[in-house]
1. Which residues' amide hydrogens lie under 5 Å from the amide hydrogen of residue 100, considering only partners 5 or more residues apart or on another chain, with H built in the peptide plane?
2. What fraction, in whole percent, of alpha-carbon pairs in segment 122-163 exceed 16 Å separation?
3. Can you quote the Å³ per residue value for the convex hull of the Cα atoms in segment 50-192, rounded to an integer?
4. Working out 0.36 nm times the residue gap between residue 108 and residue 195, then minus their Cα-Cα distance, what length gain in nm do you get to one decimal?
5. Is there a quick way to get the dipole size of segment 50-192? I mean about its Cα centre, with the Cβ of Lys and Arg at +1 and of Asp and Glu at -1; what is the value in debye to the nearest 20?
6. Taking θ as phi - 60°, what are the ³J(HN,Hα) couplings along segment 78-84 by the Karplus curve (6.51, -1.76, 1.60), each to the nearest whole Hz, with x for Gly and Pro?
7. Arranged by the count of other C-beta atoms within 10 angstrom, fewest first, what order do 125, 185, 67 take?
8. Counting other Cβ atoms within 10 Å, keep those with at most 13, restrict to DSSP loop, and tell me which chymotrypsin sites (Phe, Trp or Tyr not before Pro) in segment 104-184 are left.
Amino acid sequence: MGMTRAVRAPALALALLLLGACGTVPEDEVAGDPTPTPTATATPSDATPRDTATPSESSTAAAMPCDPSLGAPRAEPGCPVEPVTGWLAPADEGLTLELFRTLHSDAEGKAYAREHGLEFPFPNDYFDAPTGEVQPIKLGAETVCTGVIIVDFRSPLEDHVVDCAALVRATEKRPIPVAVWIQDDQVLQASELYRP
């Protein structure tokens with residue numbers, strides 16, 4: 001026991017020196033007591049700022065029924081329909097969605113690149129190929145909107161719920177790649193897609 005305490009003391013002293021540089025150290029730790037002191041509860045001034053706060057997984061799932069999955073939308077149990085993907089852009093009256101399908105650096109992508117004279121493998125390993133179809137789109141009061149990088153960027157990078165007005169404002173600078181889930185002519189969710 002004496003040997004263990006002798007070995008622990010220099011390590012504890014080093015840890016306390018490092019902790020001391022960051023703030024105060026509880027008196028019982030300075031005395032060498034290995035029992036940790038309970039930490040104080042966080043006050044509002046200690047809280048994580050909004051722009052870096054990460055909502056809990058369950059609250060995000062409840063608010064975001066469909067999963068944009070950082071640019072590669074996938075099926076979710078609570079999401080009733082498959083998404084369409086396209087570039088969301090402002091129009092004279094509302095918004096338009098110019099549809100695309102995402103190709104990867106595989107055999108299908110290689111054939112498309114050869115046919116259209118594109119560089120292959122694709123930069124960033126994907127290419128959003130326009131389908132030629134453009135449709136008007138309206139975001140309703142019940143539409144859930146999410147952002148990831150252009151709309152309300154956060155660190156760490158994650159899909160998160162945003163005000164739909166922020167998504168629409170972002171389209172004023174350039175068309176935004178999105179996944180849109182539509183059921184019975186109602187837009188359930190419109191999600192910015194991450195594109196590096």
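1. Residues meeting the amide H criterion: 85, 86, 87, 131.
2. Roughly 63 percent, once rounded to a whole number.
3. Each residue corresponds to 133 Å³ of Cα convex hull volume.
4. Numbers: separation 87, 0.36 × 87 = 31.32 nm, distance 2.01 nm.
My answer for the length gained is 29.3 nm.
5. 280
6. Using θ = phi - 60°, the values come out as x, 9, x, 9, 7, x, 9 Hz.
7. Details: 125 12, 185 7, 67 22.
Exposure proxy ranking, most exposed first: 185, 125, 67.
8. Within segment 104-184, the qualifying chymotrypsin sites (Phe, Trp or Tyr not before Pro) (loop, at most 13 other Cβ atoms within 10 Å) are 153.
FYI, it's all coordinate maths here, none of it is from the lab. Computed from a prediction, not measured in an experiment: that's the story for all the values here. A quick note on method: Cβ atoms are made from the backbone with ideal geometry, for glycine too, and the neighbour counts reach across all protein chains shown.
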